[in-house]
């Protein structure tokens, strides 16, 4: 059961990231499709599945996110990602602000994925150049 939840979570992460990039492309193109009902509702469904799977895995594994620094980092990163994503797609007043928030959101998304894969909140510091 845990393994199935893990794959559901990973699939939801991929769908969430792809959906965000698709909505960002619509925003940059100035498309009215960004306001379509499906485009507005689908991210909430995907993100609910993503979060539910994450919580279920934590409960099954009997782990507290605050007891594991990499999980705490993912939660903090998620909050930053949500704020930057909202600025990029809706609340940014200028195109420059939206693009900057978009770039930040993509970087934070990558950080969250890296922290999950490496199970280390400081994983970017361990990358050898």
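The values are calculated or read from the model by the stated rules, or taken from the named source; none is laboratory data. None of the values given here were measured: they were computed from a predicted structure. Glycine gets a Cβ as well: all are built from the backbone with ideal geometry, and neighbour counts include every protein chain shown.
Of all the residues that make up the range 57-69, how many are surrounded by 14 or more Cβ atoms within 10 Å (Cβ to Cβ) and part of a helix (DSSP H, G or I)?
Filtering the range 57-69 down to residues surrounded by 14 or more Cβ atoms within 10 Å (Cβ to Cβ) leaves 57-58, 65, 68-69.
Subsequent filtering for residues that are part of a helix (DSSP H, G or I) retains 57-58, 65, 69.
Count: 4.
Restricting 53, 72, 101 to residues that are assigned by TED's automatic domain parsing to the domain that holds residue 22 and either part of a helix (DSSP H, G or I) or under 22 Å from residue 9 (Cα atoms) (or both) narrows the list to 53.
Considering only the range 112-122, state which residues are part of a helix (DSSP H, G or I) and either in contact (Cβ under 8 Å) with a residue 40 or more places away in the chain or loosely packed, with under 15 Cβ neighbours inside 10 Å (or both).
Once the filter is applied, which keeps residues that are part of a helix (DSSP H, G or I) and either in contact (Cβ under 8 Å) with a residue 40 or more places away in the chain or loosely packed, with under 15 Cβ neighbours inside 10 Å (or both), the range 112-122 yields 113, 115, 116, 117, 118.
Flag set for residue 36, criterion: surrounded by 12 or more Cβ atoms within 10 Å (Cβ to Cβ), in the same structural domain as residue 9 (by TED's automatic domain parsing), over 30 Å from residue 2 (Cβ atoms) and out of contact with any helix residue (DSSP H, G or I) (no Cβ under 8 Å at 6 or more places or on another chain). Might you check whether a residue that is modelled with pLDDT of 95 or more, outside any helix (DSSP H, G or I) and not assigned by TED's automatic domain parsing to the domain that holds residue 3 occurs anywhere in the range 76-93? Yes.
Yes/no matrix, rows are residues, columns are (1) within 28 Å of residue 2 (Cα to Cα); (2) within 16 Å of the chain's Cα centre (by Cα):
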residue	(1), (2)
67	yes, no
74	yes, yes
77	yes, yes
81	yes, yes
97	no, no
107	no, yes
121	yes, yes
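Residues considered: 20, 109. Of these, the only one that is part of a helix (DSSP H, G or I), modelled with pLDDT of 95 or more and closer than 23 Å to residue 125 by Cα is 109.
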